[in-house]
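The values are calculated or read from the model by the stated rules, or taken from the named source; none is laboratory data. Being a predicted model, the structure only gives us computed values, none of them experimental. Reconstructed Cβ throughout: ideal geometry from the backbone, glycine too, with neighbour counts over all protein chains shown.
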Amino acid sequence: MRWTVHGERALYSSPWVNLHLSDVELPDGHRFEHHVVRMPHPAVGTVVHDRGRGVLLLYRHRFISDVWSWEIPAGRVEAGESWEQAAGRETLEETGWAPRGLRELTAYRYAIGTCDGTFALYFADGADPVGAPTDPAESERVVWVPVEEVRSLIARGEVVDGLSLSALLWCFTFGLFEGASVHGPPEGP
């Protein structure tokens, strides 16, 4: 069943996030206003894996939820930039490592019931050191974590953001840390 949208008005707008109120009608005729978060830019995240080092992770504090967490390098796509370019730039800025062999894993809507935001996930076969992160306010530390320790971090609840958790679980699910080629899930029936 498809809802009918009779209109939408902005309540708040910024370069980072927009809040709208939509006038919607259900197929049964019930009509009401629904809050919608509009994101001006998609975001990307990159799992950087090196067979000898493990997975490149950031340890950081998020003030909004007041939690410390392990995360993959991530950020928004800037105007005029491809998703892949953004994935490489964000990884380099946040870690000081330039990712090699970037490949898209998947893209998804992270809060589909209230928000139109998109996350795109990438995988890199290693990275080359370039220098210190150019955006040092992004994390407390940047480290290579052995793959089995990444699994333990997830099990202990130390990876809590959806983008990082989705990307890492994708890699475990499809065997990317065991050297399988980067493909999506098997084809459906």
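Assorted remarks:
- Of all residue pairs spaced 6 or more apart or on separate chains, those with beta-carbon atoms under 7 Å, a first member in segment 146-160 that is closer than 14 Å to VAL47 by Cβ and a second member that is modelled with pLDDT of 95 or more and assigned to a loop (DSSP other than H, G, I, E, B) are LEU153/VAL159.
- Residues in segment 93-123 that are assigned to a strand (DSSP E or B), in contact (Cβ under 8 Å) with a residue 24 or more places away in the chain and within 19 Å of LEU19 (Cα to Cα): CYS115, THR118, PHE119.
- Selected residue (criterion: farthest from ASP161 (Cα to Cα)) from residues of segment 47-92 that are among the charged types (D, E, K, R), in a helix (DSSP H, G or I) and out of contact with any Leu (no Cβ under 9 Å at 6 or more places or on another chain): ARG89
- Just one of the listed residues (VAL24, VAL47, VAL17, VAL37) is modelled with pLDDT of 95 or more and farther than 25 Å from ALA86 by Cα, namely VAL24.
- Residue check, PRO129 at pLDDT 95 or above and exposed (fewer than 15 other Cβ atoms within 10 Å of the Cβ): yes
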